[in-house]
Amino acid sequence: MSETELHLRDALRQTLDHPGSMVRAQMVFEVSTHYGLETSRAKSLAIAIEYFHTASLIFDDLPCMDDAAKRRGEPCVHRVHGEATAILAALGLINRAYAMAWQAIHSAPAEYRQAAGDYLEKCLGVAGVLNGQSQDLHYATLPENARAPHKVALGKTVTLIQLSLVLPALLGGANESERLHLERLATFWGLSYQILDDLKDMFARPEATGKTAARDELLNRPNAALNAGAKSAFQRVQRLLRLGDCTLKRLSNRQPTLVFLHQLRSRFAAELASYQPA
């Protein structure tokens, strides 16, 4: 980035120097290598998905959206470098992510490329994460039948988990049954993850999560714990994880080497235990 304008370079450096859990990147890399993508392509795809996710967080934190102050234990990018530079940094990550994703897609057999490209657009486009974010921003004005936190989460959160699990499987030639099981697993895990995030927003201290808390109630955003109560939200996570376990068992019976998915599942168990209501 030596020739990049100073402010943009510093914004990108701050973002990349403070990564999150990298769970999506881990999913992408492990599924990619399992289905036969060479290591360099698997890494490129994993980085691409992580860049898409990180860019979405930069946008999410802007004053015109959640107006957050902290992310990953640091001041938000727009708080340090200004809103315009934060937007440019996010766009820079997205541009690079598309380039890396298309490199991985182009290296796949020709018969898999179209489905992979279509799935990428479906998850990231106006039918996926963009629509979910818009629903989140305008939650108070949604029609009554759409005002359920899980419906918003399907677009805002689940799509990136689906992209992480299903896209590399598509590139590796997974059969339809395996793809469907991965998509269902991503749905159960994505909804669980969002509810846990809702509980964190209500109860966790910013120093524990590294980001601004109590935004959902203030901004009238969808939150399962606010909507149904913490105990009910916690029970819903338990039900979703049980459904996910059933799906994971069926998938493991078909693909025993997907053992790393069980390790990811253990992360949810640990987080769930830390937010159990009295």
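Observations, loosely collected:
- Highest-MSF residue in the chain out of 76, 123, 64 [GNM, Cα springs under 10 Å]: 64
- By the rule of a C-alpha distance below 28 Å, with chain neighbours fewer than 8 residues away ignored, the lysines paired with residue 231 are 70, 151, 156, 200, 211, 249.
- Cα-centred dipole magnitude for the chain, charges only on beta-carbon of K, R (+1) and D, E (-1), debye, nearest 20: 820 debye
- Dipole of segment 3-105 computed with +1 at Lys/Arg Cβ and -1 at Asp/Glu Cβ about the Cα centre; of 58, 91, 104, farthest Cα towards the positive end is 104.
- Multiplying the residue separation of residue 79 and residue 253 by 0.36 nm and subtracting their alpha-carbon distance yields 57.8 nm.
- Label-to-label distance, residue 98 versus residue 144, with points set 7 angstrom from Cα along the beta-carbon direction: 4.1 nm.
- Charge dipole of segment 6-274 about the Cα centre (unit charges at C-beta), most positive-ward option of 163, 182, 124: 182
- Between segment 145-162 and segment 18-49, the alpha-carbon center distance in angstrom: 23 Å
- Long-range HN-HN contacts of residue 71 with modeled amide H, under 5 Å: 76
- Stretchable slack from residue 6 to residue 39, in nm (0.36 nm times residue separation minus alpha-carbon distance): 8.6 nm
- For the chain, a Gaussian network of Cα nodes joined below 10 Å ranks 155, 190, 117 by mean-square fluctuation, and the top entry is 117.
- FRET efficiency, residue 130 to residue 106 (Cβ-Cβ, R0 25 Å, nearest 0.05): 0.55
- Taking 0.36 nm per residue of separation and subtracting the current Cα-Cα distance, fully stretching the chain between residue 242 and residue 265 would add 7.2 nm.
- Formal net charge of residues neighbouring residue 224 (Cβ-Cβ distance under 14 Å; K, R +1; D, E -1): +2
Here, each number is a calculation from the coordinates, and none is a lab measurement. Bear in mind the structure is a predicted one, so any value in this text is a computation, not a measurement. Here the Cβ is made from the backbone with ideal geometry for all residues, glycine too, and neighbour counts use every protein chain on show.
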